1. Among the listed residues D234, D168, identify the single one that is at positive phi, modelled with pLDDT of 95 or more and within 27 Å of the chain's Cα centre (by Cα).
2. Can you name the residue in region 140-149 that is part of a helix (DSSP H, G or I) and touching a residue at least 60 places away in the same chain (Cβ under 8 Å) and, of all such residues, is most open to solvent (accessible area, probe 1.4 Å)?
3. Condition check: open to solvent by 10 Å² or more (accessible area, probe 1.4 Å), in a helix (DSSP H, G or I), basic (K, R) and within 27 Å of H200 (Cα to Cα). Does R137 satisfy that?
4. Take the residues in region 286-298 that are part of a helix (DSSP H, G or I) and touching a Phe, Trp or Tyr at 6+ places or on another chain (Cβ under 9 Å), then tell me which one is farthest from V246 (Cα to Cα).
5. If we keep just the residues of region 77-133 that are of a type in the set (D, E, K, R), closer than 21 Å to V238 by Cα and in a loop (DSSP other than H, G, I, E, B), which is least open to solvent (accessible area, probe 1.4 Å)?
6. Looking only at region 308-320, which residues are within 14 Å of K26 (Cα to Cα) and within 22 Å of the chain's Cα centre (by Cα)?
7. Residue by residue through region 365-379, note down the ones that are under 13 Å from A288 (Cβ atoms) and under 22 Å from the mean Cα position of the chain (by Cα).
8. P41 fails exactly one of the following numbered conditions: (1) closer than 17 Å to A300 by Cβ; (2) exposed (fewer than 14 other Cβ atoms within 10 Å of the Cβ). What is the number of that condition?
Amino acid sequence: MRKYDVVIVGAGHGGAQAAIALRMAKFDGSIVMIGDEPDLPYERPPLSKDYLSGKRDFDRILIRPARFWADRGIEMRTNARVVAVDPTAKTVSLQTGEAIGYDQLVWATGGRARRLTCPGAHLRGVHTVRTRADADRMIAELPAVTRAVVIGGGFIGLEAAAVLRTFDKAVTVLEALDRVLARVAAEPLSRFYEAQHRAHGVDLRLGVAVDGIEGRDGAVCGVRLADGTVLACDLVVVGIGIVPEVEPLLTAGAEGGNGVRVDAQCRTSLSDVFAIGDCALHTNLYAAGAAIRLESVQNANDQATIVAKTIVGQHVAYDAVPWFWSDQYDLKLQTVGLSIGYDQTVVRGDPATRSFSVVYFRQGRVIALDCVNAARDYVQGKRLVVDGLAPDPAAVEDASIPLKSLAL
């Protein structure tokens, strides 16, 4: 049995950053990264944006070129899936039956796309957008597609809808709630994006439920709604969230449920086992101390760095401010902070100009900003969030007043 000083399970942003950060911290022990895809670590956000649209090829979304990993003595095991963890023997077992030993284990598996459970969910032409293979299957089908249905009005669904419209496909977006982005943004931002998608020709339907997927000869031909309406289509994109990939850790006794619980150093309840990224359930300062999972590149990278520093003996704790982004059409949304539990919002600027910000308050303090084509607000507003400042909402609303002047 081969044993390594550090075994990293998961070859996404978090796993890659953990390996990079270890070498940057002068860790000279053996490292292996185990990923269940055939590819070296790559960026996932472009899958529903520039990669799907053809603006960036795969080599341009690799996190590092192949020689980088070899030059730094980081072993790569691709097409390998970890199915069990033995915290007593300190081993992980692959689907092939092979066992690999570790001194320290970093679990960075992220999550798998949540799938529909209705009839027809597995028909050809029904897609999620989580892996390169997912995107490649969509790309291969697009030339024959005339009509597409996107199920889910979150970021993945809306980004995919925007790309499909650039290919001049007829697109319908279905959202079960009464507005898009309802779980992550206030109503002004939701209504703005609804209007933008409709202006680009998207048939956006709110408050609708999917009853099943219709098929013909094994391929999708329509989406049936709960009211009996059938929407004819050649392709379906499902964007209804992810399920954290933590079953082997929970089976091994790690605390968790919706993810695996970690402390401020990203340690799980299992000795010498860390978890980072989308699958890590952690107490977050910017969520008013609630235990949450953060599905973002920022979170994965920052937690990976904390783990690397902890492994080499540095005393650090995770307290990074969350940030996110989304590209749709010519709109760049940049978010800083978490709007969880907000009790007041202020719209700064005029949405009609397609450049504005939504500022979120909780008990008088700024906790987050959503900035649409407003990079200056994003950069300057970060200080308001990090320092927990309580500026006058009227001053925040006045776009002629720079946010940096309110952080003094």
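The values are calculated or read from the model by the stated rules, or taken from the named source; none is laboratory data. Computed from a predicted structure; not experimentally measured. Cβ sites come from the backbone with ideal geometry, for glycine too, and all protein chains shown count toward neighbours. Heads up: the accessible areas ignore ligands, DNA and RNA and are worked out on the full protein's heavy atoms, side chains in. Shrake-Rupley method; radii C 1.70, N 1.55, O 1.52, S 1.80 Å.
1. Exactly one residue qualifies, and that residue is D168.
2. Residues of region 140-149 that are part of a helix (DSSP H, G or I), as a first pass: 140-144.
Now drop any that are not touching a residue at least 60 places away in the same chain (Cβ under 8 Å), which leaves 141-142, 144.
Working: E141: 51, L142: 13, A144: 85 Å².
Out of the qualifying residues, it is A144.
3. Judged against the criteria, R137 is a match.
4. The first filter runs over region 286-298 and keeps only residues part of a helix (DSSP H, G or I), leaving 286-287, 297-298.
Going one step further and asking which of them are touching a Phe, Trp or Tyr at 6+ places or on another chain (Cβ under 9 Å), we end up with 297-298.
Numbers: V297: 18, Q298: 20 Å.
So, considering only residues that are part of a helix (DSSP H, G or I) and touching a Phe, Trp or Tyr at 6+ places or on another chain (Cβ under 9 Å), the one farthest from V246 (Cα to Cα) is Q298.
5. Filtering first and then ranking leaves R130.
6. Quick first cut of region 308-320, residues within 14 Å of K26 (Cα to Cα) only: 308-314.
Passing the criteria: only A308.
7. Going through region 365-379, the residues under 13 Å from A288 (Cβ atoms) turn out to be 365, 367-368.
Listed by number, the residues that qualify are I367, A368.
8. (2)
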